[in-house]
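Reading through the structure tokens given below for one structure.
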Amino acid sequence: MSKTVMTVDDSASVRQMISFTLRGAGYEVIEAVDGIDALGRLKGAVHLVITDLNMPRMDGIELIRNIRAHSTYKYLPVIMLTTESHDASKQAGKAAGATGWIVKPFNTQQLLAVLKKVLG
Amino acid sequence: MNDRHREAYREEAAELLVELEVALLELERQPEDTELVGRVFRALHTIKGSGAMFGFDAIVNFTHHLETVFDGVRQGRIAVTPALTGVTLEARDHIQTLVGSPLAGGGVTESGARILDRLRTITSSVPCADSQPNEGVCEPAVTSEASSYRIRFDPAPDILLNGSNPILLLSELGGLGDLSLMAHVDRIPQLEKIDLEKCYLHWDAVLTTAAGGNAIRDVFIFVEDQASIVIEPAGAASAVQPPRIGELMVARGDVSPDRLEAALLEKQHLERQRHGKHEAAATLRVPAAKLDNLVNIVGELVTVQARLSAFALGCGDPEAASIAEEVERLSELLRENTMSIRMLPIGETFGRLRRLVRDLSSDLGKPAELVTEGNDTELDKTVIEQLSDPLVHLIRNAVDHGLESPQRRLELGKPATGKIRLSASHEGAFVLVRVADDGAGLNRQAIRARAVERGLITAGTALTDQEIDGLILAPGFSTADQVTEISGRGVGMDVVKGGIDALRGSLTVNSRPGAGAEFTLKIPLTLAIIDGLLVEAGGERFVVPLSNVSECIELLHGPQSGAGRQSLVTVRGDLVPYIALRERFSLAGDRPPIEQVIIADTRDGKFGLAVDHVIGGHHTVVKKLGNLYRQIEEVSGATILGDGGIALILDVDKLVAGAVRNS
């Protein structure tokens with residue numbers, strides 16, 4: 001059974017790139033534009049969330065906190081997208097319960113490697 | 001990255017630039033609005049972040065500085081001034097230009113540099129350009145040589161709570177190379193105390209990989225903060241000394257059991273690695289004397305180990321008992337291994353006999369060929385050496401007496417060339433060596449007549465064919481009508497039998513008149529150390545070779561009768577004669593009311609040996625008794641026991657034969 005990944009990013013191009021890469025690798029992909037949208041779409045089989053941290057309405061940190069407090073999805077692996085210049089946000093993300101992170105910019109190999117690490 | 005994505009980025013960047021412009025203009029009017037600062041920052045952040053993914057390096061390098069400035073603004077380090085918003089708007093326009101222009105190098109253009117200079121003077125906090133690290137998470141640092149690493153992965157109990165799965169990490173580790181893994185379960189609490197959301201396990205692993213230490217570190221990169229991860233080169237000085245000493249250290253509390261297990265795991269792993277590497281070096285020639293020496297030392301070790309076991313059992317200390325058990329296991333392994341080193345294929349001896357057959361057939365004018373089977377059957381070196389003489393004898397007999405003359409063979413419709421078949425095969429702890437010829441078989445009438453003549457039997461004795469055939473093995477029997485140069489000097493089979501007896505083997509003959517005779521030698525695999533049954537009678541201990549023992553029974557007896565003579569005991573309906581060891585060796589004291597009787601398989605059939613009690617199995621290191629005691633038939637040697645005492649090893653066949661003669 002193919003696994004379902006939710007990509008949460010306000011940047012359409014990043015979402016598109018992630019979706020394109022993951023679909024090519026055999027994953028199902030759900031796209032969400034921010035944290036609120038992501039929580040709304042969080043139902044059924046979702047195996048992983050890849051989220052940006054800086055987003056309007058609800059940022060990635062808040063999204064991770066919500067997921068960790070969720071009765072069904074509390075163990076859901078969450079990968080955050082960070083940039084090197086924001087180690088503090090990486091720390092905040094980890095404190096909120098992020099499973100791992102990908103440093104932007106990343107390429108498709110790195111993305112798939114991280115997915116493999118977290119999803120098996 | 002294909003153009004489709006780049007086009008999507010350009011469109012998105014255009015939107016973001018509009019958003020950036022709107023936010024900047026509003027910010028100019030309301031410099032204190034942090035929400036607006038956030039919008040500016042996010043726009044810059046996304047432009048940079050996404051740009052990096054689609055190869056817009058010029059945009060990334062330029063926007064990076066703007067983003068840094070606005071991060072400072074967000075954190076309150078840099079104040080929003082009209083000058084700042086002004087420059088930023090200019091910078092925004094510059095980005096727009098960059099987005100519109102075709103993909104080029106990553107350098108900051110001249111106009112871009114001017115904008116950045118002004119930005120720097122305004123904020124005086126913009127770091128130098130080109131600080132754009134590009135660190136990937138999973139870039140493998142490949143080194144050419146595979147090396148081994150000792151890895152301890154000790155996750156915090158709440159590691160599961162952030163969606164991490166330690167199993168996946170471990171399997172990822174396994175993907176890097178050859179992994180030996182050990183999970184420590186000692187922290188798992190009792191069932192009612194288990195919190196299902198917690199991870200109670202920690203792991204030790206030894207990994208041999210060419211990927212290098214960084215790749216291993218990358219495996220755990222997401223859980224570094226939630227686990228203690230130790231990665232060290234393995235094979236160098238280990239944190240703890242492996243096996244036996246380690247156990248003592250555990251007992252003393254110097255080292256925790258799981259550390260020790262980890263060290264053992266590493267050792268095994270590295271041994272396996274080394275093993276794999278050196279598989280090419282197949283054999284090694286060693287002087288036989290060194291091997292003999294080794295066997296002697298192993299013999300001593302087995303003796304000392306028996307002492308240790310006896311002592312550990314006696315002192316009742318469970319710790320000592322478990323060490324003794326380990327030592328016993330290891331010395332057993334050592335014994336088996338050493339014995340297997342001494343094992344040689346019998347084929348070499350067979351090869352020498354081929355020459356013998358050739359010489360014999362030309363001397364006697366009887367064409368004969370030797371066919372060998374089971375050349376790779378292995379036997380103890382000393383057994384093979386001692387087997388040589390009996391085999392030579394048997395083959396001489398076969399060619400000389402067994403095979404008919406070529407004329408006779410042709411008359412009988414057999415091929416003129418006789419066939420001697422020499423074969424070896426395993427049967428339990430024994431090796432069967434068969435010498436068969438396709439000659440006339442034994443002449444039973446001649447044997448019988450000869451036996452009567454020699455006084456071995458009386459003329460009227462009723463004997464089965466088998467028994468008649470067996471007569472040729474009796475001392476002083478020779479059937480050859482004429483004594484030839486080659487064999488038949490009246491010592492013949494007797495000598496063969498003696499040689500086989502010395503090997504604690506047995507010799508049987510099977511003859512089919514007209515079709516040939518087959519002699520079967522049943523030889524124990526080894527002589528140096530035998531499995532025996534340790535028994536006690538009258539305060540003395542004896543070893544009965546286990547190869548002789550078929551069963552032990554208990555004997556309740558009433559008033560004693562016929563001291564020194566054999567009595568009968570019923571074993572599942574069969575009457576089996578037995579003698580009491582105590583009486584046979586004139587040991588002081590009375591036989592106990594309940595005796596153990598060892599039922600032994602002997603050449604004279606089943607025979608019982610009554611002893612006071614059976615102590616148990618014993619790995620017996622056989623020591624010779626010395627020349628002084630050579631004439632004592634009933635005892636084949638002695639062994640040193642665990643407590644330093646000595647037990648005589650009984651030659652059951654001779655003991656029983658003596659008893660049968662006496663009765």
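Observations on the model:
- Among residues of region A:24-52, those that are part of a loop (DSSP other than H, G, I, E, B), in contact (Cβ under 8 Å) with a residue 12 or more places away in the chain and charged (D, E, K, R), counted: 1
- Exactly one residue among B:Glu145, B:Glu110 is more than 14 Å from chain A (Cβ to nearest Cβ), within 30 Å of B:Leu84 (Cβ to Cβ) and at pLDDT below 80, and that residue is B:Glu110.
- Among strands (runs of 3 or more DSSP E) entirely within region B:572-628, having at least 2 residues that are more than 15 Å from B:Glu554 (Cα to Cα) singles out B:594-602, B:605-611, B:613-621.
- Any pair with Cβ under 8 angstrom, 6 or more apart, that starts in region B:352-381 at a residue that is outside the structural domain of B:Val431 (by TED's automatic domain parsing) and outside any loop (DSSP other than H, G, I, E, B) and ends at one that is of a type outside the set (Lys, Arg) and loosely packed, with under 14 Cβ neighbours inside 10 Å: none
- If you go through region B:193-215 and keep only what is surrounded by 20 or more Cβ atoms within 10 Å (Cβ to Cβ) and assigned to a helix (DSSP H, G or I), you end up with just B:Ala215.
- Meets criteria (within 12 Å of chain B (Cβ to nearest Cβ) and among the small types (Gly, Ala, Ser)) for A:Ala32: no
- Filtered residues of region A:7-23 (kept if away from chain B (no Cβ under 11 Å) and either without any contact (Cβ under 8 Å) to a residue 60 or more places away in the chain or among the acidic types (Asp, Glu) (or both)): A:Thr7, A:Val8, A:Arg23
- Taking the criterion of being more than 9 Å from chain A (Cβ to nearest Cβ) and either part of a loop (DSSP other than H, G, I, E, B) or free of Cβ contacts under 8 Å to residues at least 24 places away in the same chain (or both), the only residue of region B:49-66 that qualifies is B:Phe56.
- Only one of the numbered conditions (1) surrounded by fewer than 19 Cβ atoms within 10 Å (Cβ to Cβ); (2) out of contact with any Asp or Glu (no Cβ under 9 Å at 6 or more places or on another chain); (3) under 18 Å from B:Ala227 (Cβ atoms) is violated by A:Tyr75, and that is (2).
- Flag: B:Ser164 matches the condition of being touching a residue at least 12 places away in the same chain (Cβ under 8 Å) and within 12 Å of chain A (Cβ to nearest Cβ).
- Residue within region B:39-48 that is small (Gly, Ala, Ser) and within 13 Å of chain A (Cβ to nearest Cβ) present: yes
- Of all the criteria given as (1) under 30 Å from B:Pro524 (Cβ atoms); (2) at pLDDT 80 or above; (3) not in a helix (DSSP H, G or I), the one not satisfied by B:Ile457 is (1).
- Considered as a group, the residues in region B:644-659 that are surrounded by fewer than 19 Cβ atoms within 10 Å (Cβ to Cβ) and under 14 Å from B:Val543 (Cβ atoms) include one that is modelled with the lowest pLDDT, and that residue is B:Gly645.
- Whichever residue in region A:69-116 is part of a helix (DSSP H, G or I) and at the interface with chain B (Cβ under 7 Å from one of its Cβ atoms) and, among such residues, is nearest to B:Glu224 (Cα to Cα): A:Lys94
The values are calculated or read from the model by the stated rules, or taken from the named source; none is laboratory data. Being a predicted model, the structure only gives us computed values, none of them experimental. So basically every Cβ, Gly included, is an ideal-geometry build from the backbone, and we count neighbours across all protein chains shown.
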